[in-house]
Amino acid sequence: ATILETRGIEYAYADGTRALSNVSLTIGEGRKIALVGPNGAGKSTLMLMFNGILRPDAGEVLFRNERLDYDSRSLRKVRQRVGMVFQNSDDQLFAPTVYQDVAFGPVNLRFPPEKVKRYVGYALQYVGLSGYERRPPHHLSGGEKKRAAIAGILAMEPEVMILDEPTSNLDPATSEEIMEMLDELNLGGKTLIISTHDVDLAYRWADEVVLMKDGGLLRRGSAEEVFGDL
Ligand code: ADP
Ligand code: ADP
């Protein structure tokens, strides 16, 4: 089944930069998808469309065949179901403690306090940060920050997790740990979408590759199909 879809999306930033042109893409439930393409191709902008952070100038975004209409109910729902991990963890981690950071999403969604505690505890355990609750996030290592950011969306029980360049600025061993964690989450049923510059990573990890260029979709398929003759 299709879990996320864009139809004919157009988007320009306030300064007039055209970032997406006629982007129509379906994301199958339970897939591991890598968006690949040069800097400026529109990968981050497309990711921000998927959970309603940005609103297209034209075209539409659908979650489970339901069109986002950008009212507060629709946005709350999509932001809970579709979790977004930014490229730079420092953009995501801003609370005084790891616990408060991870609790931010579920608190914001007005989950009842016992549920917040339970989900935050579970999420921190899942990413291997139990015991880090009272630490300030800015003192964590790069890999720990990425784990904390992942815990922050896990604590909202998303169906889709979107990660912008999840391995940028991480050493190879830490990158591998993060990607293995994403595999595990996928085996648990979550649909995963990442962006990456790393063609090897796309080969190793993704079920499907979407190649973007100049704000449009160039190709989609297995890594072999997409990169085979490039
Ligand atoms: P990618 O993630 O593939 O590097 P982006 O989605 O970040 O691509 O960028 C697509 C285009 O939009 C690029 O031309 C980029 O310079 C531009 N862009 C991105 N963010 C902004 C912004 N906040 N304001 C203006 N232009 C932007
Ligand atoms: P205390 O008064 O016992 O020191 P607070 O509730 O004021 O505890 O919280 C102190 C710190 O512990 C805060 O950073 C808070 O985010 C964090 N915290 C709150 N609840 C929990 C919890 N269940 N597990 C871990 N840390 C928590």
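The values are calculated or read from the model by the stated rules, or taken from the named source; none is laboratory data. Computed from a prediction, not measured in an experiment: that's the story for all the values here. Heads up, the Cβs are rebuilt from the backbone with ideal geometry, glycines too, and the neighbour counts pull from every protein chain shown. Accessible surface is based on the protein model in full, side chains and every heavy atom, while ligands, DNA and RNA are left aside. Shrake-Rupley method; radii C 1.70, N 1.55, O 1.52, S 1.80 Å.
I'd like the full set of residues that are at pLDDT below 95 and either open to solvent by 60 Å² or more (accessible area, probe 1.4 Å) or not in a helix (DSSP H, G or I) (or both), limited to region 200-217.
Result: ASP200, TYR203, ARG204.
Taking interchain pairs and intrachain pairs at least six residues apart, which have beta carbon atoms under 8 angstrom, with the first residue in region 10-23 and within 16 Å of ligand 2 (Cβ to nearest atom) and the second modelled with pLDDT of 95 or more?
Close Cβ pairs (under 8 Å, with a partner that is modelled with pLDDT of 95 or more) do not exist here.
Of all residues being closer than 13 Å to LEU211 by Cα and not small (Gly, Ala, Ser) in region 32-50, which is farthest from ligand 1 (Cβ to nearest atom)? Just the residue, please.
ILE33
Just wondering, is there one or more residues in region 180-197 that are outside any strand (DSSP E or B), more than 17 Å from the chain's Cα centre (by Cα) and more than 24 Å from ILE53 (Cβ to Cβ)?
Taking every residue of region 180-197 in turn, none turns out to be outside any strand (DSSP E or B), more than 17 Å from the chain's Cα centre (by Cα) and more than 24 Å from ILE53 (Cβ to Cβ).
Taking the condition more than 16 Å from ligand 2 (Cβ to nearest atom), under 19 Å from the mean Cα position of the chain (by Cα) and of a type in the set (Asp, Glu), does ASP90 pass?
Taking the combined requirement at face value, the residue satisfies it.
Does LEU54 qualify as being more than 14 Å from ligand 1 (Cβ to nearest atom), touching a residue at least 24 places away in the same chain (Cβ under 8 Å), not in a helix (DSSP H, G or I) and not basic (Lys, Arg)?
no
This table checks each residue for (1) over 19 Å from GLY37 (Cα atoms); (2) among the hydrophobic types (A, V, I, L, M, F, W, C).
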residue: PRO166; (1), (2): no, no
residue: ASN169; (1), (2): no, no
residue: PRO172; (1), (2): yes, no
residue: GLU177; (1), (2): yes, no
residue: LEU187; (1), (2): yes, yes
residue: VAL199; (1), (2): no, yes
residue: ARG204; (1), (2): no, no
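Looking at ARG110, ARG134, ARG67, ARG73, can you tell me which residue is over 18 Å from the mean Cα position of the chain (by Cα) and at positive phi?
Step by step, each of ARG110, ARG134, ARG67, ARG73 is checked, and only ARG110 is over 18 Å from the mean Cα position of the chain (by Cα) and at positive phi.
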